[in-house]
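Chemist: Okay, here's the structure, questions in a sec.
Only the coordinates and a few stated rules stand behind these numbers; no lab work does. If you're wondering where the values come from, they're calculated on a predicted model, not measured in any experiment. Positions of Cβ are backbone-derived with ideal geometry, glycine not excepted, and every protein chain shown enters the neighbour counts.
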Amino acid sequence: MTDWQTLTWLNPPPRSHLENTQLEVETAPDTDFWRQTHYGFTHDNGHFFALPAPQEFSVQVRVRGQYQALYDQAGLMLRANEREWIKAGVEFVGQQQLSAVVTHSFSDWSVRPVGMPDFFDLKLTRRGDAVSVQSRCFYTEEARETEWSLLRLAYFPPELAAKVGVYACSPQRGGFTVTFSKFELGPAESGALY
């Protein structure tokens, strides 16, 4: 596991707590990462806990959140700057949805309903000019690990240095609580996308 102590905050949350290998975060109100598309606004005030990423890597994390309000969200983020980033996780839009937002000056959002899993794993791999996002959902505490499922394959400028880590936002409220565990950054995996 990667040591949480090596990460730093962009937009620190009002409350965060590290215990062993788990990070618990409580969000501030009106927080999000989004640029322009459809809504016409830019928000860059979500909570992002990150470290500098190698040029090619795989990172994964387990996420358990108390999703209740519209757009409550948490997951993994790759960020070069305020105009070039990818966030992927679970977002509450009527129900929990796997969500990916790819931003190159303008944000591009996709979702996939997943019902009500207890928790989920996310994996993000950067190799060359591509970033793949994979996920797996767990519907009971006793569920066995399953195969990874492809959520998104996206372009990301290969020359850009970036940071990678976990994020949490709650555009409609404050107090969204999420727990991150099993955070691990390592060499880029070469496995199949699906």
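Chemist: Just how many % of Cα pairs in the range 129-194 lie over 20 Å apart, if you round to the nearest whole percent?
Modeler: Percent of Cα pairs beyond 20 Å in the range 129-194: 49.
Chemist: When the Karplus curve 6.51 cos²θ - 1.76 cosθ + 1.60 is applied with θ = phi - 60°, which whole-Hz ³J(HN,Hα) does each residue of the range 32-39 get, with x for Gly and Pro?
Modeler: Per-residue couplings from phi come out as 5, 10, 6, 10, 6, 3, 6, 7 Hz.
Chemist: Then there is this: Report the Cα centroid-to-centroid distance between the range 52-80 and the range 123-187 in angstrom, as an integer.
Modeler: 4 Å
Chemist: Give me the base-10 log of I(q)/I(0) for the range 26-79 at each q in 0.17, 0.26, 0.32 Å⁻¹, Debye formula, one uniform scatterer per Cα, rounded to two decimals.
Modeler: Normalising to I(0) and taking log10 leaves -0.72, -1.22, -1.40.
Chemist: Per-residue HN-Hα couplings for the range 11-24, Karplus 6.51 cos²θ - 1.76 cosθ + 1.60 at θ = phi - 60°, whole Hz, x for Gly and Pro?
Modeler: With coefficients 6.51, -1.76 and 1.60, one gets 6, x, x, x, 8, 8, 9, 9, 9, 6, 9, 10, 10, 9 Hz.
Chemist: For the range 4-186, report the convex hull volume of the alpha-carbon atoms normalised per residue, in Å³, without decimals. Present the calculation step by step, with values, prior to reporting the outcome.
Modeler: Numbers: hull volume 19.4 nm³, N = 183.
So the per-residue hull volume is 106 Å³.
Chemist: Turning to a different aspect of this structure: Please report W34, W109 as a ranked list, fewest other C-beta atoms within 10 angstrom at the top and most at the bottom.
Modeler: W109, W34
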